[in-house]
Every structure is written in structure tokens, then in C-alpha cells.
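The values are calculated or read from the model by the stated rules, or taken from the named source; none is laboratory data. Just so we're clear, the structure is a prediction, and the values are computed from it rather than from any experiment. Cβ sites come from the backbone with ideal geometry, for glycine too, and all protein chains shown count toward neighbours.
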Amino acid sequence: MPTVGEIARVLEQLAPLSLAESWDNVGLLVGDAAWPAERVMTCLTITPEVVQEAVAEGAHLLVSHHPLPFRPLKTVTADTTTGRLLLQLIKHSIAVYSAHTAFDSAAAGINQHLAIGLGLHQIAPLRPVAHGDPEEGAGRHGLAGEPLSRRELAVRVKQFLAIDAVRLVGPDDKSVTRVAIACGSGGSLLEAAAEMRCDVLVTGEASFHTCLEAESRGIGLILAGHFASERFALVSLADYLADQAPAATVWASRSEKDPLKTI
């Protein structure tokens, strides 16, 4: 039976924790590396529904993209949602591991998967690591590979992420050659996208003012939603872990869902 520590080492090889942003909280966040990890569940975010599923399914390890806890805690009590979730996980000896921005920036991380899924070519990081693997770094950019408009790229995003709608900033008929990718809340990479002369930035969400800034610079934004822009990779991650740790049963959460609905 694999241990939590052994699964953590597999994850660290895929997404070295040194790639994480300085403000992030990554690695083994709850539990003991010596605990067994025969049943492993991946998820985007640890919510009450996800914890309920983990307990009901007898999970030993939760591999979440978004860290829990994320910010330093002075107390862990049932008075807060974070405290209640942590207490429930600890009560049932369920460990938590998060790679978050390390997985975003890894050579085979979320942004790379999204760029490949959208059919981009000559893919490279938008903000490469200072020293190290040239395939590692924040965001991605690449060539569309064939003439297409922003609307056509938006359709491609919808098809790959299996979603019904995206939001678009800027004229939808403008042609696209170079595409920037930043999963999640990627507005901070707009400047990097501009420096690489990208025609459009595909991300999950961006602030109103980032949308205005992109429009003023003539850079299109395709906003797929934070959940959709990252969740697909946690399904793939479950498959990867199952392959790397065949003695473990690994699955992606079946209860987690996007909290936002389009009406």
C-alpha cells in the first residue's frame, strides 16, 4: 500500500514545489507522510461536499488544486468553514496535498495541457523561470497554427473544456495568430501577454479593470470561468496518479461542481 509521502513524491516530480509563487501554500498541508494512501481523490477545491464525498468513499488523501488552508490560521475551530473542514478531515485521518501554482507552471501542468488542448504550436511559458527548465514557468503562449478569429477560438475553448458559454472582451471577428494561456484568475499575466505580442489571452476570470486594460491595448480576452479552466486537469491528474501508483485507487471528485451558473 502506498503512503501519503510516496504519493507526494510522485506529485513533486510532476510539479516541483519550487515553481510555486511566493504567496502560495503548497505541499503536504494536512496529515502525516507515513499515513496509508490506498484511496486518493483529486479535486479542484475542498468544499463541504468534497469532504463529505471523501469521508463516504473512505479516501486517505485529498489532492486538491486550491490549498486548504491557504492563509495562516490563528485558530482551527468549528466557528469557520475552513476550521470545520480541517477538523473533519483530521478526524477521519484524511491528508491534504496541494501543488496549486506549481502545477500551473509545471512543464506538464495545467497551462501546458490547456495550450495543447486548444491546438497551439511552438508552446512556451509566458513568464519562464529565471533559471532551470525552459519549459517551466507561469502561463503559456503559442501559435494558433491556422487562421482563425477570436470567435472561432472561443468555440474551440468551449469544445475542449466541454462548457456551454465563455465571455469575450473585444471584437469577436479579429484574427488570432498568437494566443496566451493563463488558467484560473490570470489577469496578472496580461502584461506578459502584451510583451509576447499575443492577440488574445485565454483565462478563467479577470477583473473589470483588467478587461478594460486589455480592450484598450487591443488584446482580446476569452474568459472560460475559473472552475472550467482548471477542473479538467484534475481529472487528468487522477489518471496520472493511478498510472504512477497502481496499488492505489484514484478518482476525481464526482461531487464537485462550478458554484456559478449561467441563466
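At-a-glance table
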{"quantity": "Top-ranked residue in region 218-263 [being of a type in the set (A, V, I, L, M) and part of a loop (DSSP other than H, G, I, E, B); ranked as surrounded by the most Cβ atoms within 10 Å (Cβ to Cβ)]", "calculated": "Ala224"}
{"quantity": "Residue selected from region 224-263 under the condition out of contact with any helix residue (DSSP H, G or I) (no Cβ under 8 Å at 6 or more places or on another chain) and over 23 Å from Glu53 (Cα atoms), by the criterion modelled with the highest pLDDT", "calculated": "Gly225"}
{"quantity": "Top-ranked residue in region 206-256 [being charged (D, E, K, R) and in contact (Cβ under 8 Å) with a residue 60 or more places away in the chain; ranked as farthest from Ala99 (Cα to Cα)]", "calculated": "Arg254"}
{"quantity": "Within region 170-183, considering residues that are closer than 16 Å to Cys211 by Cβ and under 18 Å from the mean Cα position of the chain (by Cα), the one surrounded by the fewest Cβ atoms within 10 Å (Cβ to Cβ)", "calculated": "Ala182"}
{"quantity": "Yes/no for Ala34 being within 25 Å of Met1 (Cα to Cα) and exposed (fewer than 15 other Cβ atoms within 10 Å of the Cβ)", "calculated": "yes"}
{"quantity": "Tabulated pairs, region 3-22, first outside any loop (DSSP other than H, G, I, E, B), second at pLDDT below 95 and among the β-branched types (Val, Ile, Thr), C-beta under 7 angstrom, 6+ apart or interchain", "calculated": "Leu19/Val129"}
{"quantity": "Those residues of region 111-136 which are in contact with a Ser or Thr (Cβ under 8 Å, 6 or more places away or on another chain) and at pLDDT 95 or above, in sequence order", "calculated": "Asn111, His113, Leu114, Pro125, Glu136"}
{"quantity": "Residue match in region 104-120 (condition: touching an Asp or Glu at 6+ places or on another chain (Cβ under 8 Å), hydroxyl-bearing (Ser, Thr, Tyr), assigned to a helix (DSSP H, G or I) and over 25 Å from Ser255 (Cβ atoms))", "calculated": "yes"}
{"quantity": "Residues satisfying the stated conditions in region 139-198, i.e. part of a loop (DSSP other than H, G, I, E, B), under 21 Å from Phe232 (Cα atoms) and of a type outside the set (A, V, I, L, M, F, W, C)", "calculated": "Gly139, Asp164, Gly186"}
{"quantity": "Search result, residues across region 84-103 that are more than 23 Å from Gly58 (Cβ to Cβ) and assigned to a helix (DSSP H, G or I)", "calculated": "Thr101, Ala102, Phe103"}
{"quantity": "Top-ranked residue in region 65-75 [being within 21 Å of Trp23 (Cβ to Cβ) and either of a type in the set (Lys, Arg) or more than 20 Å from the chain's Cα centre (by Cα) (or both); ranked as surrounded by the most Cβ atoms within 10 Å (Cβ to Cβ)]", "calculated": "Leu73"}
{"quantity": "Unmet criterion (only one of (1) part of a strand (DSSP E or B); (2) farther than 26 Å from Ala224 by Cα) for Met41", "calculated": "(2)"}
{"quantity": "Among residues of region 135-164, those that are out of contact with any helix residue (DSSP H, G or I) (no Cβ under 9 Å at 6 or more places or on another chain), free of Cβ contacts under 8 Å to residues at least 40 places away in the same chain and either among the aromatic types (Phe, Trp, Tyr) or within 20 Å of Glu191 (Cα to Cα) (or both), counted", "calculated": "1"}
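Rundown of residues vs (1) surrounded by 16 or more Cβ atoms within 10 Å (Cβ to Cβ); (2) among the small types (Gly, Ala, Ser); (3) in contact with a Cys (Cβ under 8 Å, 6 or more places away or on another chain), yes/no style:
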position	(1), (2), (3)
Pro48	no, no, no
Val51	yes, no, no
Ala56	no, yes, no
Val63	yes, no, yes
Asp79	no, no, no
Gln88	yes, no, no
Val96	yes, no, no
Phe103	yes, no, no
Leu120	yes, no, no
